[in-house]
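The values are calculated or read from the model by the stated rules, or taken from the named source; none is laboratory data. These numbers come from a predicted model, not from an experiment. No Cβ is skipped: glycine too gets one built from the backbone with ideal geometry, and neighbour counts run over all protein chains shown. Areas reflect the complete protein model, heavy atoms only, side chains present, ligands, DNA and RNA absent. Shrake-Rupley method; radii C 1.70, N 1.55, O 1.52, S 1.80 Å.
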Protein chains: 2
Amino acid sequence: MARTTGSDGERTEAAIREAALKLIARHGYDAVSMRQLGEEVGVQAAALYRYFPTKEDLLFTLMRDHMVGLIASWDAARPAARDPLGGLSTFVRNHIGFHVARRHSTHVSNLELRSLSPARLTEVLRLRNSYEKELRRILREGAESGAFAIDDVELTAMAIIQMITGVIVWFRPDERLSVEEVAETYHTMTMRLVGAASSTGVFRDTPTPYPSPLPAAGKGKARE
Amino acid sequence: MARTTGSDGERTEAAIREAALKLIARHGYDAVSMRQLGEEVGVQAAALYRYFPTKEDLLFTLMRDHMVGLIASWDAARPAARDPLGGLSTFVRNHIGFHVARRHSTHVSNLELRSLSPARLTEVLRLRNSYEKELRRILREGAESGAFAIDDVELTAMAIIQMITGVIVWFRPDERLSVEEVAETYHTMTMRLVGAASSTGVFRDTPTPYPSPLPAAGKGKARE
């Protein structure tokens, strides 16, 4: 990718990215033209092409860098020890914090896979898979150690990803809950979803048997 | 809305809706023109306007009818008795079945709220709220009866809706699991997420205390 070095060039590129994320999140990739983007940033469309030779180069860069940033944030946050409960807890909080801080980028990353050419779609899906594999690993290790009760690791990972990414659809930082409170509640829901018990409290409080007493039950099995 | 009666007109209108859902799901509302839609259906753009006077009338009709259909399917499926476990079970299965059968319509309904005018956005959100209120009612009744352990009814409802709607993102009917198997696994995950115990089995199998024994815990409270 052509890149103008120096701080003016970097500022321009950052402004292009920011404006592109906003416009694509609002109107969809197919509806946004390079001319419209140039107007938003205040540069000629010709100047845009020095940074991003094609509109798809721009989209791909945005989507790739979103996933690269997400993977880097997880690498920085992940616990050193092999600990399914701690790992899942960190994964959920990091994922929510990362996405809430990047609403436009998250929308674009979730909605515009349809707009990538096959080779670039493959590249973005490869990054996405390497991130989601981390969650599947945590779930599998938790199921194997007995910390979690999971029927299907793959479906559970998808369910958790969609549940925690969905926060950006409705969350607004100025409403009744802070992002930390939301992350805390989603953390508890995730721990219940995977049937976890922790050292600091069970995520299913002692149940009132309903409608009949709890039967004795065997261990959950991981199908994946 | 202008409507041509008789079977030819009905078939044309159905073809317009079907093509519009496909094109908007693929390219986004802003990128799809009435001319392009006319070409897809094989009618003049002028003929489209007899059915849908404006492009936004068309979008609104699609999004409203998606929600009206979803509410009708829930009304037909919902259990007569006040039974949180049965109600939640039916809600999850009905929601997954409805959406998996309507992938394009679900994409459009989830992505194009941004494209509605304020009055019509309000109308679609009102329908959406009346549907989601049913889930919140089930969760609240379950929390009150002790069948569920829920910290925050509103957040739990959002988490469940996003988790079960997300099935359409990855589910393909010709892959390893049938829609019934997927619905069954999501049903179990939902029951765990709300901390449910049922007459046919607990959704958290007897846990291996990890990393230390389970403390005694109080009842979960519903904050909403």
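Observations, loosely collected:
- Trypsin sites (Lys or Arg not before Pro) lying in DSSP loop within segment A:135-190, provided at most 11 other Cβ fall within 10 Å: A:ARG176
- Set the Cα radius of gyration of segment A:55-202 against 2.2 N^0.38 Å, with N its number of residues, and you get 1.08.
- Projected-area average for segment B:1-53 over all orientations - Cα convex hull basis, square nanometres: 3.3 nm²
- By the rule of a C-alpha distance below 16 Å, with chain neighbours fewer than 8 residues away ignored, the aspartates and glutamates paired with A:LYS55 are A:GLU13, A:GLU18, A:ASP30, A:GLU39, A:GLU40, A:ASP65, A:GLU112.
- Computed magnitude of the charge dipole of segment A:1-53 (debye, nearest 20; Cβ of K, R +1, Cβ of D, E -1): 60 debye
- Chain A versus the axis that turns it onto chain B: the residue with the nearest Cβ and the distance in whole Å amount to A:GLY28, 1.
- Compactness relative to 2.2 N^0.38 Å, alpha carbon Rg of segment A:1-130: 1.17
- Percent accessible area from carbon and sulfur atoms, segment A:1-53, protein chains only, probe 1.4 Å: 48 percent
- Pairing chain B with chain A buries about 5300 Å² of accessible area. This figure sums both sides and uses a 1.4 Å probe.
- 1.4 Å probe, heavy atoms, protein only - residues of segment B:178-197 losing at least 20 Å² accessible area vs chain alone: B:THR185, B:TYR186, B:MET189, B:ARG192, B:LEU193, B:GLY195, B:ALA197
- Residues in segment B:106-138 reached by a label modelled at B:ARG78 [backbone nitrogen below 12 Å; 7 Å Cα→Cβ]: B:130-138
- Each copy carries A:GLU40; placing its label point 7 Å along the C-beta direction from Cα gives inter-copy distances of 2.3 nm, listed from smallest up.
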